[in-house]
1. Could you check how much of the accessible area of the chain is carbon and sulfur, as a whole percent, using a 1.4 Å probe?
2. Give me a comma-separated list of calculated 3J(HN,Hα) values for region 7-23, in order, Karplus coefficients 6.51, -1.76, 1.60 applied at θ = phi - 60°, integers in Hz, x for any Gly or Pro.
3. Placing +1 at every Lys and Arg Cβ and -1 at every Asp and Glu Cβ, with all other atoms neutral, what dipole size does the chain have around its Cα centre, in debye to the nearest 20?
4. Among LEU54, LEU88, LEU14, which residue has its Cα furthest toward the positive end of the charge dipole of region 8-107, with +1 on Lys/Arg Cβ and -1 on Asp/Glu Cβ?
5. Around GLU28, what is the net charge, scoring Lys/Arg as +1 and Asp/Glu as -1 over all other residues with Cβ under 13 Å from its Cβ?
6. Output the relative contact order of region 1-129, whole-number percent, from Cα pairs under 8 angstrom with separation of 6+ residues.
7. Using helices alone, what [θ] at 222 nm do you get for the chain, with -39,500 (n - 2.57) per DSSP H run of 4 or more residues, divided over all residues and rounded to the nearest 500?
8. Give me the percent of Cα-Cα pairs in region 2-50 that sit more than 12 Å apart, rounded to a whole number.
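The values are calculated or read from the model by the stated rules, or taken from the named source; none is laboratory data. Because the structure is a prediction, the values reported are computed rather than measured. Counting neighbours? That spans all protein chains shown, and the Cβs are built from the backbone with ideal geometry, glycine included. We work out accessible area using only protein heavy atoms, side chains counted, and drop any ligands, DNA or RNA first. Shrake-Rupley method; radii C 1.70, N 1.55, O 1.52, S 1.80 Å.
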Amino acid sequence: RLRRAQATLQTMELLAADVERNSELAIELEINEMSRPLHWLVSTTLYRIAQEALTNILRHAEASLAHVDLRGGKEGVTLVIRDNGKGLAVQADRGLGIIGMRERANLVGGSFSVESAVDGGTIIAVTIPYESGVHDQNPPG
């Protein structure tokens, strides 16, 4: 089943508002309207990756600001999350949170990257094609 893009946008807005309400992390949310509906599994994957990335920022980054950018393109949807924290430790890309985000992206045919930004902080990027091969799976419940 496909999920209206508007529902995906709303869940990201709720996630950002919840994190801001329960922490001192400010979140800049930039979302462009997606012209195509997303499969429920793609939508859930994007939400869970954003949730884990923001949790990692709160736990490890010592950041005051996170920028969440979600946009649909011609071929797929891209989620980029960056913060103004201290960046990644040398072995941080092997932590369970990052491994889980990478596995989630791979399960829906997406790509995942994480790197320290030149000016400090961390950048996480996920791109998932619209035709990700998950259209034959049904939502739980």
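1. 49
2. Here the 3J(HN,Hα) series is 5, 5, 4, 5, 5, 5, 5, 5, 4, 4, 5, 5, 5, 4, 5, 9, 8 Hz.
3. It works out to roughly 420 debye.
4. Value: LEU88.
5. -4
6. 23
7. Result for the chain: -10500 deg cm²/dmol, rounded to the nearest 500.
8. Everything past 12 Å amounts to 64 percent.
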